[in-house]
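Worksheet: the structure to be examined is printed underneath.
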Amino acid sequence: MKAWQQLPASVKLLAAAIVVVCLMDFMQRVYIAGNDTTRTFDPMAGLQADLPAAQMSDDVSTWLQKRREAAQQQQEQQASSKPQAELMDGGVNLGDMRVRVRGIYTSNNQQRVALIDTQQLANRRVEITEISEGFELNGFTVSKISVNSVTFIGADDETVTLPVFDY
């Protein structure tokens, strides 16, 4: 405030004139009158125009058709040359399946249960299965589940013992 009082009267007059000019400019450019009866709005104004329907040029149509055909051919090639998933690490082939033991635990009724991964060799789909003694899998029967392995017996008295897979 002290600085304002020390200014010469001509500077104060110039500042007041600038403020008045800014207020007049605001009134002319920015300020909208509160009287809305002078403004009109027709919501149907856009519908009254008679515009022609949009059309695509023949060159663009041809180009789009070629792009669609190329994309379709690429999808067919990818589908036919789709690489199969790899066989899972570890495990043993039991017939047409690869089997590995993920873990063994004891259930509430003191029965041992094994958690195994099975993968079909044909389509390479992996499934997780919970098995116990007597479970039959692809012609092999679970004969024994010990602390660290599962023993399968095949149709020809073939015995296969799978240890717990160590990752």
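Quick look at the values:
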quantity: Neighbour count of at most 11 Cβ within 10 Å plus DSSP loop: longest trypsin sites (Lys or Arg not before Pro)-free window in the chain; calculated: 40-124
quantity: Cα extents of the chain along the three principal axes, largest first (Å); calculated: 114, 67, 32
quantity: For segment 92-163: accessible area per residue (Å², 1.4 Å); calculated: 57 Å²
quantity: Straight-distance crosslink candidates among aspartates and glutamates, where the alpha carbon sits under 17 Å from Lys66 and sequence neighbours closer than 8 are dropped; calculated: Asp58, Glu76
quantity: Percent of Cα pairs exceeding the 15 Å cut-off, where the set is segment 128-167; calculated: 35 percent
quantity: Estimated Rh, segment 92-163: Kirkwood, alpha-carbon pairs, angstrom; calculated: 12.3 Å
quantity: Extreme residue, positive dipole direction of the chain, given options Met56, Ile145, Val21 (C-beta unit charges); calculated: Val21
quantity: Cut-off of 10 Å, at most 13 other beta carbons, DSSP loop: longest stretch of the chain lacking such GluC sites (Glu not before Pro); calculated: 1-85
quantity: 222 nm mean residue ellipticity, helices alone, for the chain (DSSP H n ≥ 4; -39,500 (n - 2.57); rounded to 500); calculated: -10000 deg cm²/dmol
quantity: Protein accessible area in the chain, 1.4 Å probe - carbon and sulfur %; calculated: 54 percent
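The values are calculated or read from the model by the stated rules, or taken from the named source; none is laboratory data. As the structure is a prediction and not an experimental result, all values here were calculated from the model. Neighbour counts are summed over all protein chains in view; Cβ atoms, including those assigned to glycine, are modelled from backbone coordinates with ideal geometry. Accessible surface is based on the protein model in full, side chains and every heavy atom, while ligands, DNA and RNA are left aside. Shrake-Rupley method; radii C 1.70, N 1.55, O 1.52, S 1.80 Å.
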